[in-house]
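J.: So that we are looking at the same thing, I have put the structure below in structure tokens.
Values in this text are rule-based calculations from the coordinates and carry no lab data. For clarity, every value in this text was computed on a predicted model and none was experimentally measured. Using ideal geometry, Cβ is built from the backbone for each residue, glycine included, and neighbour counts are taken over all protein chains shown.
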Amino acid sequence: MGAVEPPLIHGQGTPASAWAACPVLQALPGCSAGQLLPDGARAVVVAPHPDDELLAVGGLMQQWLAAGRPVRVLGVTDGEAGLPAGDATPAARLARRRRIERQRGLAHLGLPARAIQRLGLPDGGASDHEAQLVQRLTALLRPGDQVFTTWRHDGHPDHEATGRAAAAACAAAGACLHEVPVWTWHWASPGDARVPWQRLRRVALPPAARQAKQRALAEHRSQLQAPQGSQPILPGWALARWLRPWEYLLAPVVPSP
């Protein structure tokens, strides 16, 4: 993840156990990896920071790739601001490390390095470069692409800017946008009125997809480790929210005629 700002993202948030017991989630309509990627379409995953692609749709990507479907990952930032307290790693060094972690992680899903493209925006500054991001994404997308990115109300400024930019680019390029809550699972609670529950869809992850996602996330050691006495960016209690047997996406908004 990248630099996190209050007020929504602080403390330990809503535990994974609360979501596991949530009747609203249990009653959601389901969909499959195949339904989300029609024949002839390409999946394009737009990730604000290295690891966001895994947290959001790592299990889905594994299924698409195992089925031989085309998948591409666009990395908005290199995540150079994602440091735990007490870690003095220079930003440039961390950026290089996180790019390597991304490549190694996605390899566990079957994605080759040539399918990853970095856009090089500053971590924590996506909203300041939103117009540029819209232009870059519009140029890279094709009509009919199925685009998966962070929800534009996810509670993290880079996630929200990426969601907004992807929405504008999809509209311009004729692609279909699927928004994915990521940090929402931290700050929201079951039944939270800020979340459009009626648009959520649940995708069950088979064991192979879950295991590949877990192995892929384990490559992001910069986010899983911290100096003694400090907390990592992705502690175990946070990871538990993203390593559930399901992934959740918001159904695309159909434009009014």
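J.: Test of the criteria: in the range 179-257, which trypsin sites (Lys or Arg not before Pro) are in a DSSP loop and have at most 14 other Cβ atoms within 10 angstrom of their Cβ?
T.: 194
J.: Using helices alone, I'd like the mean residue ellipticity at 222 nm for the chain: each DSSP H run of four-plus residues gives -39500 (n - 2.57), total over residue count, nearest 500.
T.: So the calculated ellipticity at 222 nm is -11000 deg cm²/dmol.
J.: Could you tell me, in Å, what Rg and Dmax come out for the Cα atoms of the range 33-172?
T.: 14.6, 48
J.: Report the local net charge at residue 133: Lys and Arg +1, Asp and Glu -1, summed over other residues whose C-beta lies under 15 Å from its C-beta.
T.: -3
J.: Here's a follow-up. Starting from the Cα of residue 118, step 7 Å along the direction of its Cβ; do the same at residue 237; then give the gap between the two resulting points in nm.
T.: 3.3
J.: Among DSSP bridges having both ends in the chain, what percentage is antiparallel? Round to the nearest 5.
T.: Taking every DSSP beta bridge with both residues in the chain, the antiparallel ones total about 25 percent.
J.: Also, I was wondering about something else. Would you work out which of 48, 200, 63 lies farthest towards the positive end of the dipole of the chain, given +1 charges on the beta-carbon of Lys and Arg and -1 on that of Asp and Glu, about the Cα centre?
T.: Selected residue: 63.
J.: Now a separate question. Compute the separation of the alpha-carbon centres of the range 218-242 and the range 124-139 and state it in Å as a whole number.
T.: 28
J.: Hey, another quick one. Enumerate the helices in the chain for which the Kyte-Doolittle hydropathy averages 0.0 or more and the C-alpha atoms extend at least 18 Å along the helix's axis, using complete DSSP H runs.
T.: Helices meeting the criterion: 52-66, 157-173.
J.: If you project the alpha carbons of the range 130-257 onto the principal axes, what extent comes out on each, in Å, largest first?
T.: The principal-axis extents, from largest down, are 53, 32, 32 Å.
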